[in-house]
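The values are calculated or read from the model by the stated rules, or taken from the named source; none is laboratory data. Since the model is a prediction, treat every value here as computed from it, not as a measurement. Because the Cβ atoms are built from the backbone with ideal geometry, glycine has one as well, and the counts that use them run over all protein chains shown. Surface accessibility is based on the protein's heavy atoms, side chains included, excluding ligands, DNA and RNA. Shrake-Rupley method; radii C 1.70, N 1.55, O 1.52, S 1.80 Å.
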Amino acid sequence: MASVTIRGAEKREYHIPLGLFIDNEFSPAANNETVDVENPTTGDLLAKVAAAQPSDVDKAVLSSHAAFKGSWRKTTPEIRRELLHRLGDLIERDGDELASIEAVDAGMLFHGSLALSVRQAVETCRYFGGWADKIQGKSMHIAEGMAYTKREAIGVCAAIVPWNAPLMITMWKLAPAIAAGNTMIIKTPELAPLYGQKLASLVVEAGFPPGVINIICGLGRVAGQALAEHPSVRKLSFTGSTMTGRGILATAARTNLKRVTLELGGKGPSIVFADADLENALFWATFGITVHNGQICAAGSRIYVQDEIYDKFVTEFSKRAREYVAGDPLLDTTTKGPLISALQRERVLEWIEKGREEGLEIVHDAENGSSKVPLSGHFVPNVAFGNVDPSSSLIREEIFGPVASIGRFKTEEEAIALANDSEYGLAASVFTSHVNRAIRVSDAIEAGQVTINMWGIVNANTPFGGIKSSGFGRDLGEEAIEEWTHTKSVKFNLLVQ
Ligand code: NAD
């Protein structure tokens with residue numbers, strides 16, 4: 001099967017297979033269909049990866065089905081735990097390679113990928129490996145005698161993953177699904193699928209039986225759609241845009257009513273009170289919208305600052321948002337990589353133009369008429385807008401770029417009202433030194449996650465997901481085990497002799 005050689009950090013070379021991974025083997029897609037994967041830093045073609053067609057999706061599902069009905073459903077929790085721990089160890093061992101891949105095809109900073117995506121992937125494997133032998137039901141008394149519940153595997157499951165931190169998001173779904181005894185098909189993002197090709201080799205090395213984990217790349221409207229429609233897929237977890245999520249839910253309703261988890265977009269508020277530790281708030285608020293160029297569902301893209309410190313905050317924020325070195329994400333010295341694609345760059349630049357036309361720009365990087373971002377590749381500068389009207393689409397819609405909208409508020413009530421005035425409800429941050437205020441405001445905020453005096457922290461043992469149009473269901477934490485199992489009640493009639 002074809003492979004590609006990529007050059008990672010410190011010019012190390014890595015060979016990556018390019019086929020569909022089904023039954024622990026790589027194979028070409030039907031009609032040898034491929035998808036072009038480019039390096040967003042240069043715009044050059046990196047690889048042609050096999051692109052699954054509906055018949056390939058069928059093959060993957062048949063393989064997962066055979067594995068589930070065969071020996072996998074009888075596998076002991078201890079074996080599942082060992083396999084997940086081994087996979088975590090291998091991801092850790094090959095962390096440099098995986099981070100290089102995410103730098104080269106997803107534009108993540110190499111060190112950012114190591115610290116976030118790779119580390120999270122390892123921890124998630126270990127955390128859910130630990131769950132495999134702790135998945136329990138309850139017992140209860142009933143009039144007829146007694147009953148107990150069991151949490152059982154669902155069967156053939158699937159995940160559709162986006163391109164931002166794809167390794168981490170894959171493991172959020174894969175690890176609990178496998179711990180719970182399901183078989184799993186991963187549809188990797190067509191814009192950044194190479195991590196999945198590498199992960200497939202580690203799945204074999206860890207010792208997973210064929211068909212337990214199948215990994216296929218493919219276009220969303222072809223392979224993703226075929227998975228969403230497939231009658232033998234019983235659960236589908238999706239992370240991606242709200243628009244695609246709506247379509248997937250409708251498809252599941254129209255076909256076999258498969259269970260669906262939706263992790264969708266966001267427009268996260270960061271609320272900075274005058275009593276906050278300003279240095280700390282500035283660090284996290286700047287990080288929350290500039291890290292990975294704001295291409296993060298939980299990005300703190302709406303920043304609300306209390307009147308008394310607004311001017312000082314904006315001056316300092318502007319200074320920090322301009323301090324970056326844009327370039328090759330593989331280099332230690334780079335602090336800003338490219339956006340994922342030319343299309344994404346075009347979209348973000350349109351948003352920036354809109355804000356400029358409205359005269360709202362307060363952070364820009366043009367000094368002496370020249371920009372600090374490279375002219376080739378999909379780079380955009382960090383930008384912030386001030387005094388954005390709450391009705392403006394700039395503050396209502398997800399931009400998925402390094403574009404902050406900064407507003408001001410007078411009172412706590414006003415801050416809460418502004419934060420909740422959004423169709424999204426994924427993540428929010430509150431900066432304050434008063435614990436009572438922190439609790440009051442976090443209680444009042446409509447979001448699946450609120451961080452106090454920090455932004456965007458994810459932990460394997462803490463559930464993550466949204467409310468409102470940010471979706472439903474949870475990755476991570478004990479809740480994830482519930483997402484990947486169903487409950488069976490068993491009842492005994494003890495009145496019969
Ligand atoms: P996207 O919806 O375009 O694509 C996500 C995945 O869905 C890709 O694998 C794609 O191939 C697939 N897909 C596309 N169309 C499909 C279809 N018709 N049927 C089935 N699958 C289809 O999103 P994206 O641009 O890759 O990712 C960015 C979006 O993801 C943003 O909105 C962001 O907020 C969201 N996101 C959410 C989270 C979260 O945890 N809530 C995390 C990361 C990203």
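Might you let me know whether the range 347-354 holds any residue that is open to solvent by 10 Å² or more (accessible area, probe 1.4 Å), closer than 29 Å to ALA417 by Cα and basic (Lys, Arg)?
Yes - at least one qualifying residue is present in the range 347-354.
Would you mind finding the one in GLY268, GLY207 that is more than 9 Å from the ligand (Cβ to nearest atom), more than 15 Å from LEU174 (Cα to Cα) and open to solvent by less than 10 Å² (accessible area, probe 1.4 Å)? Break it down into steps so the answer makes sense when it comes.
Values: GLY207 fails: open to solvent by less than 10 Å² (accessible area, probe 1.4 Å).
Selected residue: GLY268, the only one of GLY268, GLY207 that is more than 9 Å from the ligand (Cβ to nearest atom), more than 15 Å from LEU174 (Cα to Cα) and open to solvent by less than 10 Å² (accessible area, probe 1.4 Å).
Only one of (1) under 19 Å from SER55 (Cα atoms); (2) outside any helix (DSSP H, G or I) is not met by ALA226, so which one is it?
So ALA226 meets the others, but not (2).
Can you report the number of residues in the range 369-411 which are open to solvent by 40 Å² or more (accessible area, probe 1.4 Å), more than 16 Å from the ligand (Cβ to nearest atom), at pLDDT 90 or above and not in a loop (DSSP other than H, G, I, E, B)?
Of the residues in that region, 1 qualify.
Here are LEU84, LEU18, LEU62: which of them is under 19 Å from CYS157 (Cα atoms) and touching a Phe, Trp or Tyr at 6+ places or on another chain (Cβ under 9 Å)? Walk me through it before giving the result.
Values: LEU18 fails: under 19 Å from CYS157 (Cα atoms); LEU62 fails: touching a Phe, Trp or Tyr at 6+ places or on another chain (Cβ under 9 Å).
Answer to the selection: LEU84.
Yes/no per residue for (1) within 10 Å of the ligand (Cβ to nearest atom); (2) in contact with a strand residue (DSSP E or B) (Cβ under 9 Å, 6 or more places away or on another chain); (3) among the basic types (Lys, Arg):
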residue	(1), (2), (3)
GLU190	yes, yes, no
SER201	no, yes, no
GLY211	no, yes, no
ILE216	no, yes, no
ALA223	yes, yes, no
LEU227	yes, yes, no
ARG234	no, yes, yes
MET243	yes, no, no
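Pick out the one residue from GLU92, GLU102 that is among the charged types (D, E, K, R), open to solvent by less than 20 Å² (accessible area, probe 1.4 Å) and in a helix (DSSP H, G or I).
Working: GLU92 fails: open to solvent by less than 20 Å² (accessible area, probe 1.4 Å).
Among GLU92, GLU102, only GLU102 is among the charged types (D, E, K, R), open to solvent by less than 20 Å² (accessible area, probe 1.4 Å) and in a helix (DSSP H, G or I).
Of the residues ALA192, ALA175, which is among the small types (Gly, Ala, Ser), more than 21 Å from LEU476 (Cβ to Cβ), modelled with pLDDT of 95 or more and not in a strand (DSSP E or B)? Break it down into steps so the answer makes sense when it comes.
Numbers: ALA175 fails: more than 21 Å from LEU476 (Cβ to Cβ).
Matching residue, one of ALA192, ALA175: ALA192.
Filtering the range 173-188 down to residues that are touching an Asp or Glu at 6+ places or on another chain (Cβ under 9 Å) and within 15 Å of the ligand (Cβ to nearest atom), which residue is nearest to GLY43 (Cα to Cα)?
LYS173
Look through the range 443-472, keep the residues that are within 19 Å of LEU278 (Cβ to Cβ) and open to solvent by 40 Å² or more (accessible area, probe 1.4 Å), and return whichever of them is nearest to the chain's Cα centre (by Cα).
The extreme case among them is MET454.
Does any residue of the range 59-79 turn out to be of a type in the set (Gly, Ala, Ser), in a helix (DSSP H, G or I), under 22 Å from the mean Cα position of the chain (by Cα) and closer than 24 Å to PRO162 by Cα? Talk me through it step by step, then tell me what you get.
Going residue by residue through the range 59-79, those that are of a type in the set (Gly, Ala, Ser) are 60, 63-64, 66-67, 70-71.
Add one more test, that the residue is in a helix (DSSP H, G or I), and what stays is 60, 63-64, 66-67.
From what is left, the residues that are under 22 Å from the mean Cα position of the chain (by Cα) are none.
No - not one qualifying residue is present in the range 59-79.
What number of residues within the range 152-172 satisfy the criterion of being away from the ligand (no atom under 13 Å from the Cβ), part of a strand (DSSP E or B) and either not assigned by TED's automatic domain parsing to the domain that holds SER113 or not acidic (Asp, Glu) (or both)?
Counting residues in the range 152-172 that are away from the ligand (no atom under 13 Å from the Cβ), part of a strand (DSSP E or B) and either not assigned by TED's automatic domain parsing to the domain that holds SER113 or not acidic (Asp, Glu) (or both) gives 3.
For (1) among the hydroxyl-bearing types (Ser, Thr, Tyr); (2) crowded, with 24+ Cβ neighbours inside 10 Å; (3) in contact (Cβ under 8 Å) with a residue 24 or more places away in the chain, each residue gets a yes or a no:
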residue	(1), (2), (3)
LEU227	no, yes, yes
THR239	yes, yes, yes
THR255	yes, no, yes
THR261	yes, no, yes
ALA274	no, no, yes
LEU278	no, no, yes
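Scan the range 328-339 and tell me whether some residue there is more than 30 Å from PHE409 (Cα to Cα) and within 13 Å of the ligand (Cβ to nearest atom).
Quick first cut of the range 328-339, residues more than 30 Å from PHE409 (Cα to Cα) only: 328-339.
Narrowing the set further to residues that are within 13 Å of the ligand (Cβ to nearest atom) leaves 339.
Yes, the range 328-339 contains at least one residue that is more than 30 Å from PHE409 (Cα to Cα) and within 13 Å of the ligand (Cβ to nearest atom).
Residue under question is ARG440, and the condition is that it be more than 16 Å from the ligand (Cβ to nearest atom), in contact with a Phe, Trp or Tyr (Cβ under 8 Å, 6 or more places away or on another chain), open to solvent by 20 Å² or more (accessible area, probe 1.4 Å) and more than 30 Å from ILE142 (Cα to Cα); does it hold? Working first, answer last.
On the way: more than 16 Å from the ligand (Cβ to nearest atom): yes; in contact with a Phe, Trp or Tyr (Cβ under 8 Å, 6 or more places away or on another chain): no; open to solvent by 20 Å² or more (accessible area, probe 1.4 Å): yes; more than 30 Å from ILE142 (Cα to Cα): yes.
It is false that ARG440 is more than 16 Å from the ligand (Cβ to nearest atom), in contact with a Phe, Trp or Tyr (Cβ under 8 Å, 6 or more places away or on another chain), open to solvent by 20 Å² or more (accessible area, probe 1.4 Å) and more than 30 Å from ILE142 (Cα to Cα).
Hey, among LEU262, LEU257, which residue is among the aliphatic types (A, V, I, L, M) and within 13 Å of the ligand (Cβ to nearest atom)? Please lay out each step first, then the result.
Working: LEU257 fails: within 13 Å of the ligand (Cβ to nearest atom).
One residue alone meets the criteria, LEU262.
If you check SER55, SER71, SER27, SER63, which single one turns out to be over 28 Å from LEU343 (Cα atoms) and in contact with an Asp or Glu (Cβ under 7 Å, 6 or more places away or on another chain)? Give the steps one after another, and end with the answer.
On the way: SER55 fails: in contact with an Asp or Glu (Cβ under 7 Å, 6 or more places away or on another chain); SER71 fails: in contact with an Asp or Glu (Cβ under 7 Å, 6 or more places away or on another chain); SER27 fails: in contact with an Asp or Glu (Cβ under 7 Å, 6 or more places away or on another chain).
Testing whether each residue is over 28 Å from LEU343 (Cα atoms) and in contact with an Asp or Glu (Cβ under 7 Å, 6 or more places away or on another chain) leaves just SER63.
Across the range 147-169, what is the number of residues that are in contact with a helix residue (DSSP H, G or I) (Cβ under 7 Å, 6 or more places away or on another chain) and among the aromatic types (Phe, Trp, Tyr)?
Of the residues in that region, 1 qualify.
Take the conditions within 16 Å of the ligand (Cβ to nearest atom) and hydroxyl-bearing (Ser, Thr, Tyr) and apply them to THR149. Does it pass? Steps first, answer last, please.
Working: within 16 Å of the ligand (Cβ to nearest atom): no; hydroxyl-bearing (Ser, Thr, Tyr): yes.
So THR149 does not fit the description; no.
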